[in-house]
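Input: a single structure, listed below in structure tokens.
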Amino acid sequence: MTIESAIALAPAERAVNLIGADLTEKSLKLHLEGLPGVDAVGLEQRAAALGTRSIKTTSKAWALDTIVKLIDLTTLEGADTPGKVRSLAAKAVLPDASDASTPQVAAVCVYGDMVPYAAEALGSSWSNGSDNGINVAAVATAFPSGRSSLPIKIMDTKEAVANGADEIDMVIDRGAFLSGKYGVVFDQIVAVKEACRRENGTYAHLKVILETGELNTYDNVRRASWLAILAGGDFIKTSTGKVAPAATLPVTLLMLEVVRDWHLLTGEKIGVKPAGGIRSSKDAIKYLVTVAETVGEEWLQPHLFRFGASSLLNDVLMQRQKLTTGHYSGPDYVTID
Amino acid sequence: MTRLTVPKTYKLYIGGKFPRSESGRTYEVATKKGAFLANAALASRKDARDAVVAARAAFSGWSGATGYNRGQVLYRIAELLEGRREQFIDELMATESLSKSAATAQLDTAIDAWVWYAGWADKYVQVAGNGNPVSGPYFNLSTPEPSGVIAIVAPQDSSSLLGLVSVIAPALVSGNTVVVVAHQNAPLSAISLSEVLATSDVPGGVVNILTGSPAEIAPWLASHADVNGLDLAGAEQLEWVDLQIAAADTLKRVLGPVVGVPAPSVERIVQWTETKTVWHTKSLI
């Protein structure tokens, strides 16, 4: 272990600033394991308390529109076809054909090989690297397991970026993380971040998926969040959606607290993306409350907070229709995905 | 030694479970003379919404079962009703101030109606469906299929158990799922029926029973876009024309108010079905 711990890590700017220029696996490990432990009972109680707020009428209408604007409309199935991606893109542009006042979603999230179809289908609504329009996000780095070698992960990422992906959702190597090899995870994130560089020198946004359902403890989630931020992640994301439990309110709250601490420490704003398992508007509103109460309402915008979801959008649309028409809507009035 | 009384908590029946009302409200159920009997849950529009979601989720399974299977499941409910005779008779006597013989007669009629409808489950298609003569080398077949989720206001005048059975059984026979608002002032037998349903082979969500005010809940069910049929059997005292207008917005099938209790009829079964017609070439003849 002493040999391993002497290995210097990639000099990611944030980590060098925080830990020092002699960045090694050992110094990183000391820093992460020196983080205070999480009060699990307090965290869950706080999350439960935030989930009890009653949001009604105009606030609810605002919340529903905000949720739509924050959605990464996702399809990540082995059975994805270009046609399915096109219909997803059409829904991203016009979520509710019966109500043109419905805002557009933040991004569509697909596998890397589907990026060209998504970009083409979004047409003029595609942001294509600008701040306006719908982004195309691609999952990369051997999603969802992350079990492949670094060169393959880098190729995977580069290909998606070259295809036009505006955002890259990478998974961390949970096996390395759980066996304590924080340096390996760190170097991989730094390398993937570099692979997000476009030819013109700009970067695709990097979301780092922690897969909290496999990290077992809140302490690990806190460490992984710090690790991902230190290595240069623009967003930290809870889950792939392929592992249960996926996003939970306590885990998201914990990650938001790390983001808040990082903001207090450096002034930098990191995004958070809960993904998987958020299916109802009611649940999503709990997340909005949690964000507003933890890091501030400022975070309720697409470049700082996202929902990774597929079925959530239909529920939000049905709730919007209920507010507009005054009577309950049904699944016949939204698209079948 | 005197025993501590164990009063029963009457709750709603939604999705195979017995939740309290989302609103937390209850109302007092009394005898006709005004003596306190029990507290029942006072369902809100959100309970109705949840019930529709449960009914929709249960629809594919229940309508996908064979008619024969549905008939067996429904017949088994009649068996269970027989087994709980004393409880139902006591509740009918208490809530409707009936004599024992009148209560027994109502229960018997209700069980008979249930068995009668159960028998139709694998037969109504033969009566309501048809092979149509067409001038061409085709088979042309019309067959009734269940509509979906049926919202029902149970009869409110008298006969709380018989009225309930007479409106839910015909909807269930063809494979619909139902959300029913029980008799407001005499809901006890409806809740006991839900206990029978919960312990029978009827999948959770196929029957959802709400207790409370039909005037409060019915408008939400009538306008609900995910409800396919509206039975206003017990809506005589409500603004039922408005309910029909609300139902028309989403093209629901509607049955109007009934005086007393609707008599068993195949028409009530067929009302909650839609006729699908297929053409098929006579290629092998």
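Let's see how each residue does on (1) closer than 21 Å to A:Arg53 by Cα; (2) in contact (Cβ under 8 Å) with a residue 40 or more places away in the chain; (3) of a type outside the set (A, V, I, L, M, F, W, C); (4) within 14 Å of chain B (Cβ to nearest Cβ):
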{"residue": "A:Pro250", "(1), (2), (3), (4)": "yes, yes, yes, no"}
{"residue": "A:Gly267", "(1), (2), (3), (4)": "no, no, yes, no"}
{"residue": "A:Gly271", "(1), (2), (3), (4)": "no, yes, yes, no"}
{"residue": "A:Phe307", "(1), (2), (3), (4)": "yes, yes, no, no"}
* Scan region B:221-233 and give yes if some residue there is over 14 Å from the mean Cα position of the chain (by Cα), at pLDDT below 95, closer than 24 Å to A:Asp332 by Cβ and outside any helix (DSSP H, G or I), otherwise no. => no
* May I ask you to list pairs of residues, at least six apart or on different chains, whose Cβ atoms are under 8 Å apart, with the first in region A:322-334 being under 14 Å from A:Asp99 (Cβ atoms) and at the interface with chain B (Cβ under 7 Å from one of its Cβ atoms) and the second being in a loop (DSSP other than H, G, I, E, B) and not hydroxyl-bearing (Ser, Thr, Tyr)? => A:Ser329/B:Ala225; A:Ser329/B:Asp226; A:Tyr333/B:Ala225
* Asked: Do we find that A:Tyr333 is closer than 29 Å to A:Gly133 by Cβ, touching a Ser or Thr at 6+ places or on another chain (Cβ under 9 Å) and aromatic (Phe, Trp, Tyr) in this structure?
  -> yes
* To do: Considering only region A:311-321, state which residues are in contact with a Leu (Cβ under 7 Å, 6 or more places away or on another chain) and away from chain B (no Cβ under 12 Å).
  => A:Leu313, A:Val316, A:Arg320
* Looking at region A:103-130, which of its residues are in a loop (DSSP other than H, G, I, E, B) and either basic (Lys, Arg) or buried (at least 21 other Cβ atoms within 10 Å of the Cβ) (or both)? -> A:Val105, A:Ala106
* Within region B:224-245, which residues are within 14 Å of chain A (Cβ to nearest Cβ) and farther than 18 Å from B:Val178 by Cα? -> B:Asp242, B:Ile245
* Inter-residue pairs, beta-carbon under 8 Å, first among the charged types (D, E, K, R) and in region A:63-79, second buried (at least 24 other Cβ atoms within 10 Å of the Cβ) and part of a loop (DSSP other than H, G, I, E, B), 6+ apart -> A:Lys69/A:Val105; A:Lys69/A:Ala106; A:Asp72/A:Val105; A:Asp72/A:Ala106; A:Asp72/A:Arg306
* Scan of region A:92-127 for residues that are of a type in the set (D, E, K, R) and in contact with a helix residue (DSSP H, G or I) (Cβ under 6 Å, 6 or more places away or on another chain), ordered by number -> A:Asp96
* Residue identified as crowded, with 17+ Cβ neighbours inside 10 Å and in contact with a Gly (Cβ under 8 Å, 6 or more places away or on another chain) among B:Ala78, B:Ala54, B:Ala94 -> B:Ala54
* Asked: Got a sec? Which helices (runs of 4 or more DSSP H) wholly within region B:30-119 have at least 3 residues that are closer than 20 Å to B:Ala182 by Cα, within 14 Å of another protein chain (Cβ to nearest Cβ) and out of contact with any His (no Cβ under 8 Å at 6 or more places or on another chain)?
  -> B:45-64
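The values are calculated or read from the model by the stated rules, or taken from the named source; none is laboratory data. Owing to the predicted nature of the structure, the values given are computational and were not obtained by experimental measurement. Every residue, glycine as well, gets a Cβ built from its backbone with ideal geometry; the counts of neighbours run over all protein chains shown.
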